[in-house]
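Reviewing the structure listed below.
The values are calculated or read from the model by the stated rules, or taken from the named source; none is laboratory data. Just so you know, these numbers come straight off a predicted model, no measurement behind them. Quick reminder, even Gly has a Cβ in these numbers, built from the backbone with ideal geometry, and neighbours come from all protein chains shown. Calculation scope for accessible area: heavy atoms of the full protein, side chains included, ligands and nucleic acids excluded. Shrake-Rupley method; radii C 1.70, N 1.55, O 1.52, S 1.80 Å.
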Amino acid sequence: MQLLSDRILNMATSATLAMAAKARELRGEGKDIIGLSLGEPDFNTPDFIKDAAIQAINDNYNSYSPVDGYVELKEAVITKFKRDNNLTYTLPQIVVSTGAKQSLANIAGVMINKGDEVILPCPYWVSYSDIVKLNDGVPVEVQTTIATDFKMTPAQLEAAITPKTKMMWFSSPCNPSGSVYSRAELRALADVLVKHPNIYVVSDEIYEHINYGDGHASMAEFDDMYNNTITVNGVSKAFAMTGWRVGYIGAPEKIARACNKMQGQITSGTNCIAQRAVITALNESPSRVQFMIDEFKVRRDLILGLLNDIDGFKTNTPDGAFYVFPNISYFFGKTLRGHKINNASDFSMYLLEEALVATVDGGAFGNPDCLRISYAASQEQIIEAIKRIKTAVS
């Protein structure tokens, strides 16, 4: 009898976390690694949110919280959805979890049965595929290209649908490409989905506020998609609260109640102090964190300008998040300083070892021709990192 389950043996390690661990290991050896691999803002959590957490400690919030979140926090989530997304939810439709990643795991656990297919427009966030597989689902990858800004077309969606299709998962703004679906583009996808009323959509909107284009649109805004959409969000990115671990969903009540039941057997309620802080965060205007978004846009323009000066990097202009996702297939088959580059994984490891810059292989996101580079770093670090990359590939 084997010690470990087939489930864990067949699960891939998170590529983003693995690269971060490798970078830490090299730093421990004294190497000057510039980390452009993790999806984590380099800002501190704003003081008005930290003050709310300190107040919660002083007010002796130290007991178990309700499984699906404090009522006051769920009310703040409802207010946020209405204010920012024109979405109307009630208390039983909201579930607060330990990060949006747990929200996604809950959804998969309560909705996917063995053999159910889940459409994933590529590139997709690194954990989508394995969360689906963990719950005996079948990921159906729909390839997109840099020519279409890595966005799935209605024709591609229609072609991917089969009698076994249960769900479609996507993020907008997208991790890793930074692509943002416009309201018109979402409507075009919705026109396909409404012909298949048994298909549900997971709309991951964790990067919602980090948007440099014409604004954010939500799939659930459409009346004919509201009852078939689970909206996932959280405070990790826009509020620089990655370590606080608070995410939430707005969903049809039956699905939300099932997620509450699932969470009650796995982790129960989210950290009570973090929840109290998030009440303050969500009740404030998003303008309180606009300074971060403004700086990210400056960095986006900076890194694109620098990458476009390197032969072999093909880029587009992402409208959201804090990533660029260049196509680097030009280097495949080439030998750089004695290193044969067969794929994006080889190229990413080459940059780590030779340029001392940590990036992430695009294959982990379903697009093996690309590389994810995070610009959640200072302008000085970005300039130095791209300078090193240019030297390494010259």
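Of S374, S348, which residue is polar (S, T, N, Q), at pLDDT below 95 and surrounded by 17 or more Cβ atoms within 10 Å (Cβ to Cβ)?
Of the residues listed, the single one that is polar (S, T, N, Q), at pLDDT below 95 and surrounded by 17 or more Cβ atoms within 10 Å (Cβ to Cβ) is S348.
Can you tell me which residue is farthest from the chain's Cα centre (by Cα) among those in region 157-171 that are crowded, with 18+ Cβ neighbours inside 10 Å and more than 19 Å from A108 (Cα to Cα)? Across region 157-171, the extreme among qualifying residues is A160.
Here are A376, A392, A385: which of them is assigned to a helix (DSSP H, G or I), small (G, A, S) and under 25 Å from the mean Cα position of the chain (by Cα)? Give the steps one after another, and end with the answer.
Values: A376 fails: assigned to a helix (DSSP H, G or I); A392 fails: under 25 Å from the mean Cα position of the chain (by Cα).
Selected residue: A385, the only one of A376, A392, A385 that is assigned to a helix (DSSP H, G or I), small (G, A, S) and under 25 Å from the mean Cα position of the chain (by Cα).
Filter region 129-148 down to the residues that are open to solvent by 60 Å² or more (accessible area, probe 1.4 Å) and part of a loop (DSSP other than H, G, I, E, B), then identify the one that is farthest from I255 (Cα to Cα). In this case the residue turns out to be T145. State whether one or more residues within region 348-369 are acidic (D, E) and not in a helix (DSSP H, G or I). Among the residues of region 348-369, at least one is acidic (D, E) and not in a helix (DSSP H, G or I), which makes the answer yes.
Kindly indicate the residue of region 85-107 that is open to solvent by 40 Å² or more (accessible area, probe 1.4 Å) and in a helix (DSSP H, G or I) and also farthest from S285 (Cα to Cα) among those meeting that condition. So that I can check it myself, show each step before the final result.
Start the filter on region 85-107 by keeping residues that are open to solvent by 40 Å² or more (accessible area, probe 1.4 Å), which leaves 86, 88, 90-92, 98, 101, 105.
Now drop any that are not in a helix (DSSP H, G or I), which leaves 91-92, 101, 105.
Working: L91: 21, P92: 24, K101: 24, A105: 29 Å.
Ranking the qualifying residues of region 85-107, first place goes to A105.
Does E40 satisfy the criteria of being in contact with a helix residue (DSSP H, G or I) (Cβ under 7 Å, 6 or more places away or on another chain), open to solvent by 70 Å² or more (accessible area, probe 1.4 Å), assigned to a helix (DSSP H, G or I) and closer than 29 Å to M219 by Cα? The answer is no for E40. Does A188 meet the test of being assigned to a helix (DSSP H, G or I), of a type in the set (G, A, S), open to solvent by 20 Å² or more (accessible area, probe 1.4 Å) and modelled with pLDDT of 95 or more? Yes.
Does V126 fit the bill of being at pLDDT below 95, of a type in the set (A, V, I, L, M) and open to solvent by less than 60 Å² (accessible area, probe 1.4 Å)? Yes. When S63 is tested against the conditions (1) part of a helix (DSSP H, G or I); (2) open to solvent by 20 Å² or more (accessible area, probe 1.4 Å); (3) among the small types (G, A, S), the lone failure is (1).
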